[in-house]
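J.: The structure under discussion is supplied below as structure tokens; questions concerning it will follow.
The values are calculated or read from the model by the stated rules, or taken from the named source; none is laboratory data. Quick caveat: nothing in here was measured; it's all calculated off a predicted structure. Don't worry about glycine lacking a Cβ; one is built from the backbone with ideal geometry, like all the others, and counts go over all protein chains shown.
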Amino acid sequence: MNMQFSKVDQAIIQWIEDHKEDVVGFLQELIQIPSVNPWFNPKEGESREAEVQGVIRKRMEGMGAEVKQWEPSAEALAKYAGRPGYYADHKFEGRPNQAAVLKGTGGGKSLLLTGHVDVVPAASGWTMEPFKGERLDGAVYGRGAVDMKGGIAAMVMALEAVVKSGYQLKGDVIVGTVVDEEAGGMGTLDFVDKGYRADACILTESTDMKIAPLCRGILWGKLVITGRSGHIELPQGDWREGGAVDAIGLARVFMDHFDRLNADWHVRKVHPYLPLPCQVYIAQINAGEYPTAFANQAELVFNAQYLPREKDENGLGSRVKAEIEAFVASVAQTEEWLRENPPKIEWLIDADCGETPVSDPFVQENLGNLEKHDIKEIIEGVCAHTDLGWFEELGIPTVVIGAGNPRVAHQNDEFVLEKDLIKLTKYIATLITHWAQISD
Ligand SMILES: [Zn+2]
């Protein structure tokens, strides 16, 4: 064992070594309860977030934690209209949030360990059973294995390792498990609205054990371009005299211009801790109605990412929306038809982001902890959205770190390697003992 570990840490790590089967078994138990977010219209009996909370509750109560459960309410959260994570139409009957507080003896720093209990649907193409938690060749398979029941299993078992090894902590540790992340993050909004705070926060979405002190904001928009239909095989003449205007041709004009915008963003919208620049990517093209007419209308559904430094005063991406709108308007100025029939953007989603500076003591604490575990110290932000924005907004330094390759999230045959799960459990355990501190 690495001699950089204190006697206490050595004992706790040994406990985890001796209870690997319990850690894996707990993850299997979580996967075996399908907890598909109801936004995706899951199959009958697959929307059981409450039962997952119940299993976590039992485990946390076994450690002496005080557990509270409640159902969020869109009505009670209406004061957050226009802020991240608020959706007026989301329903929470039978979908509780949960906070399990393990009280410290006093004097240490508090820590929030958080994650979401909902998952996306299994969808087609699995060769394994999506809700069985099957083990094969050192991996656990199933929906949620990395996103993010693996992360939840590790945080709960890390705390259990500390407690069952016979140690008490000075600082409070809160295990906050929320619903509804996969459909916009309203569970976390509700969680912080209930007043839960800590001196630091760990969010265990998978990062392949990289330290992610930031994530990107995500905008979904639909650019609607109007043309004028007309027989595609016949002469049309000038549109000013009633001729057709091909909306697909106009869509191509916009796509070419987006390439130009992306070349600019490629240089301008970069971050030293992100592997990708922000771009506007076309995700869907909807155009045309039948084979003998020019398209009357074309829709380009796009995904644009934004950096934490681009957030507006509400914590959202309105500045970047305005930038894209101005760009589209400037392209429209280049064609007479477009000047007279300006395209419109419908905004579909604005998922927020956040960033804790690398110089923050909690990020540094995490880097030191990685070193102790002989894990390569890599700082790399999450290119997608995570729920870290609200914690960061409230001044809680937050780091995302989790086991497994994030790329297998939302894929069929999602899996996490057992050794990675155990590695994360040990990592969190020693982070807890150093941040919240062991009571003498
Ligand atoms: Zn997730």
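J.: For V267, state whether it is of a type in the set (V, I, T) and over 20 Å from Q333 (Cα atoms).
T.: Taking the combined requirement at face value, the residue satisfies it.
J.: Next question. Kindly indicate which of E75, E51 is surrounded by 13 or more Cβ atoms within 10 Å (Cβ to Cβ) and more than 20 Å from the chain's Cα centre (by Cα).
T.: Step by step, each of E75, E51 is checked, and only E51 is surrounded by 13 or more Cβ atoms within 10 Å (Cβ to Cβ) and more than 20 Å from the chain's Cα centre (by Cα).
J.: Could you grab me the full set of residues in the stretch 377-409 that are at positive phi and in contact with an Asp or Glu (Cβ under 8 Å, 6 or more places away or on another chain)?
T.: G404
J.: Among the residues of the stretch 270-287 satisfying the criterion of being without any contact (Cβ under 8 Å) to a residue 24 or more places away in the chain and polar (S, T, N, Q), which is surrounded by the most Cβ atoms within 10 Å (Cβ to Cβ)?
T.: Filtering the stretch 270-287 for residues that are without any contact (Cβ under 8 Å) to a residue 24 or more places away in the chain and polar (S, T, N, Q), the one surrounded by the most Cβ atoms within 10 Å (Cβ to Cβ) comes out as N286.
J.: Which members of the stretch 202-242 meet the condition of being β-branched (V, I, T), farther than 17 Å from P275 by Cβ and either touching a Leu at 6+ places or on another chain (Cβ under 6 Å) or more than 15 Å from the ligand (Cβ to nearest atom) (or both)?
T.: Within the stretch 202-242, I202, V224, I225, T226, I232 qualify.
J.: Something else now. Among (1) under 14 Å from I211 (Cα atoms); (2) touching a residue at least 40 places away in the same chain (Cβ under 8 Å), there is one condition L394 misses while meeting the rest; what is its number?
T.: For L394, the failing item is (1).
J.: Okay, next question. So, in the stretch 400-425, of the ones that are surrounded by 24 or more Cβ atoms within 10 Å (Cβ to Cβ) and away from the ligand (no atom under 15 Å from the Cβ), which residue ends up nearest to M157 (Cα to Cα)?
T.: In this case the residue turns out to be T425.
J.: What are the residues in the stretch 18-40 that are touching a residue at least 12 places away in the same chain (Cβ under 8 Å) and either among the charged types (D, E, K, R) or not in a helix (DSSP H, G or I) (or both), if any?
T.: H19, K20, D22, E29, Q32, I33, P34, S35, V36, N37, listed by residue number.
J.: How about the stretch 323-397: which helices (runs of 4 or more DSSP H) wholly inside it have at least 3 residues that are surrounded by fewer than 21 Cβ atoms within 10 Å (Cβ to Cβ)?
T.: The qualifying helices (runs of 4 or more DSSP H) are 336-340, 361-372.
J.: Looking only at the stretch 252-263, decide whether some residue is surrounded by 13 or more Cβ atoms within 10 Å (Cβ to Cβ), of a type in the set (A, V, I, L, M), in contact with a Gly (Cβ under 9 Å, 6 or more places away or on another chain) and within 30 Å of G217 (Cβ to Cβ).
T.: No, every residue in the stretch 252-263 fails to be surrounded by 13 or more Cβ atoms within 10 Å (Cβ to Cβ), of a type in the set (A, V, I, L, M), in contact with a Gly (Cβ under 9 Å, 6 or more places away or on another chain) and within 30 Å of G217 (Cβ to Cβ).
J.: Shifting gears a bit: Only one of (1) of a type outside the set (A, V, I, L, M, F, W, C); (2) modelled with pLDDT under 95; (3) closer than 23 Å to D387 by Cβ is not met by E335, so which one is it?
T.: Condition not satisfied by E335: (3).
J.: So the check is Cβ under 6 Å with 6+ separation or different chains; which pairs have a first residue in the stretch 313-324 that's of a type in the set (D, E) and a second one that's buried (at least 18 other Cβ atoms within 10 Å of the Cβ) and not in a helix (DSSP H, G or I)?
T.: Every condition considered, no pair remains.
J.: Being surrounded by 20 or more Cβ atoms within 10 Å (Cβ to Cβ), out of contact with any Asp or Glu (no Cβ under 7 Å at 6 or more places or on another chain) and more than 19 Å from M148 (Cα to Cα) is the requirement here; does A436 meet it?
T.: yes
J.: Between R216, R260, R268, which is farther than 21 Å from P308 by Cβ and within 35 Å of the chain's Cα centre (by Cα)?
T.: None of the others qualify; the one that does is R260.
J.: Only residues in the stretch 239-265 that are touching a residue at least 12 places away in the same chain (Cβ under 8 Å) count as the first member; pair them with residues that are surrounded by 15 or more Cβ atoms within 10 Å (Cβ to Cβ) and of a type in the set (K, R), Cβ under 6 angstrom, at least 6 apart or cross-chain, and list the lot.
T.: Close Cβ pairs satisfying both conditions: A244/R228; V245/R228.
J.: Can you list the strands (runs of 3 or more DSSP E) lying wholly within the stretch 193-307 that have 2 or more residues being in contact with a helix residue (DSSP H, G or I) (Cβ under 6 Å, 6 or more places away or on another chain)?
T.: Fully inside the stretch 193-307 and qualifying: 201-203, 280-287, 297-306.
J.: Right, next: Looking only at the stretch 96-150, filter to residues that are of a type in the set (S, T, Y) and either touching a His at 6+ places or on another chain (Cβ under 7 Å) or over 17 Å from V23 (Cβ atoms) (or both); which one of those is modelled with the lowest pLDDT?
T.: Only one residue fits best here, namely S124.
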